[in-house]
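Peer 1: Sharing a structure, written as structure tokens. Questions coming.
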Amino acid sequence: MEIREIAVSHYGPLRDVKYRPQPGLQVFYGPNESGKTLLLDAILKLMLGNRLRDFAGLDRVPDLPQGRIVLVSHGSEYILDGNTRLDQITRLDSNHLRNVFVIRNKDLHIAGQANYLRRVSDQLTGMEGQRLEDLRKILSRRNCLTNPSSAARLSKSIEFNKIGEHVETAENLGAEIQEYLEFARSEQLDSLERRLEEARRQLDSLKNRIKEQEQAEKRQKYSTLSQLVSDYENRAEAARHLQPYTKTVFMKLQDLESRALAARETAQENQRHLAQLQPRLEGATGNLVDSMAELTPLENRKPKLEHLEQQALVAAAHPFLPTPGKYKGFSFALLGLAALGTFFAFLGELPPLLWLTPALAVAGALILFWADRNARTKALECRRRDRSLLQQGAAAGIMAETLQQLAAAVAKEKTSLEQARSRQQHLASVVREMEQKQLHLEENIRAYNVLARDLEQQLRQELQRLEIENLDEFGNLLEQYNWAQAQCDELHQRLEDEFGQVPPHTGEWRALLKQIPIPPDPGILFAPDSLTELREAKELALAQIEEIQEGLQRHGSMLNSFAAAVQALPLEQEIGCSLPNRFANLEILDYVGLVLDQFVTTVNTRFTVACKALAILEALEREEQEKMADLVAADKPVQDIFRQITAGRYTNIILDSDLDIRVQNREGLELPASALSQGTYDQLYLALRLSLAQDLLPGETGFLLLDDAFLCADSVRMEKMLAVLEGLAAQGWQILYFTMDERLAQAAPRHTNNEILTLNPLAG
């Protein structure tokens, strides 16, 4: 069986895709978003149509693809387009493809492993293992031997069967029922209903008498409540007449009086402070006048002092004291040199290069004579300037012999001026502060006097409005108001306790009273002692009823417990007897005992027959288990393939009784498949799939569709798996491998002669 052509004209973003895969190993390589997984989905839908229950994740494109798969099997060509399906022309259906021939999304495990392996075994051996299992479950369930979902062997089921437990339970339950029947009849439990009815009639009589007393109590309470409302209204009316004389008003008047007194006292205190301040202000003012008289002449001298100080500082900073005759010796030397040069020139002894020397010497001498004269002139001017400054200082009253002394004296007088000025400013600040304080005190005196007069006027007006003479009279009226209000508050609390609420508007208790219907006259007077005795008698009657009900409840509980225990037994299944869910009386319980005896007899007879049938069935099941183990027998390809791709680390694959796979390493240690690393796990299931594929197609070759089945494998494992695929391809199998793994694309040419087909990214 070989795929000759894959053509997809339209499937989601796939457009006009057409490939002719070669026999052997054919690699389809493309990066993410190149459509390799989508192409594989399209192939599966074209092969299986709508028979896709074993595949998940095929709904990315909801519609069936447009295209075809050309398949050759046994020399015949078939076109699979979704209408013509693979399972119509071969033994391969969706379940076989999912678990053997197709690996999608790196998932190599077998879904529903136990059921699938049992199906493969049945298909290969011709046995009906599933039907045997169904028969065992039906027989077990029919005869109540064991739970059908139990994994226990049949021999153990017979040894520890449920039917024996049911029989034992029925025997024990029959004995308990008989024992309870004897007890219930001796205690006359059936008469509890009659005694309960009598106690209830007595209780009803007591309730009626209690109701009459409670009615009389309500009428008496209504009368008392009406009297309380009347008393409250009288007290409230008296309080209303005294309402102007409240504590709040009294405190207000006291506040006016105390504030007026405090204002008068504050004004007097400010007056005392003002009297103390005035002498101090007069003294400070005199000191300020004296300070200003001292400062005035100093301020007048200030411009002269500043001019003298400036000139003296400039002269001291630029002295000019040349030494007279400093250049005279040099001048005569240069003239002597000029005369000597002239003499030698006259004699003709002077070299031509020195002819200008006499002239230059004469010129230098003239310059030095001029410089000496100029220095003498400037020295004279400096002496005249210094004498003038000293004379100006003397005229200003500052005697000094040098400019430095003059500058120091001027600086001292300026310091005295600044001190006098600072003293005058301080005195002026003190005077201003005292004057401001004087104004503040005078303003406070006026303000507090005005405030006191206003407060006293308000107090007089309030007393006139209240028609009283003084606060003492107000205090007497306040005491009367407080007493009346206290009486109202006490009555208010009593009324609130009686009504259990307060009226929407304060004090309107009469409105609440009108909402209460007047209790009818029961014709008797309320007697508290009689009501107490009746209530005590009622409690005794309730206790008696409760005791009887407890006895009935215990009796009912026993009947219900017997009923529940009986319902747990398969009476209807075994003897066709249906009992009620509840047992109402002892007569029914007596009948149940007879039914249990019948159940024990019937089941014991049928149990022996069922055990013999199960023994035969167990023998058939052992034979079926042996056939299942043949799937991984020593001569099966799975053993050689697994040893090859694991480099001999694992020597044997075992299928246990629960159809779980175990592996044995070279040291003899057995491990469950779940304990293997992901890489070894993938190797195991690849080997199992390849072996099952060969078992399912005996005598012929087929195809495998792999979607990055080795993506989780390292490079070494990948090479070994590719070598296995290479060997399978050499036997005639066609393997289409879809991958995005660049490692596999590079390694594939070492294991196949077919060109790698590159898938281009899909257009956005």
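Peer 1: Per residue of the range 107-112, in order, report the coupling 6.51 cos²θ - 1.76 cosθ + 1.60 (Karplus, θ = phi - 60°) as ³J(HN,Hα) in whole Hz, putting x for Gly and Pro.
Peer 2: 8, 9, 5, 9, 6, x
Peer 1: Greater than 30 Å separation of Cα atoms is the criterion. Which listed pairs, Lys252/Lys437; Lys211/Lys514; Lys247/Lys514, meet it?
Peer 2: On the way: Lys252/Lys437 34 Å; Lys211/Lys514 24 Å; Lys247/Lys514 34 Å.
Too far apart for the 30 Å limit: Lys252/Lys437; Lys247/Lys514.
Peer 1: What does the highest-first list of 63-70, 43-50 look like by mean Cβ count within 10 Å?
Peer 2: Numbers: 63-70: 18.0, 43-50: 21.8.
Ranked by mean Cβ neighbours within 10 Å, highest first: 43-50, 63-70.
Peer 1: Which residues' amide hydrogens lie under 5 Å from the amide hydrogen of Tyr78, considering only partners 5 or more residues apart or on another chain, with H built in the peptide plane?
Peer 2: Leu71, Val72, Ser73
Bear in mind that the values in this text are calculations on the coordinates, not laboratory data. From a predicted model like this one, the values you see are computed outputs, not experimental measurements. Because the Cβ atoms are built from the backbone with ideal geometry, glycine has one as well, and the counts that use them run over all protein chains shown.
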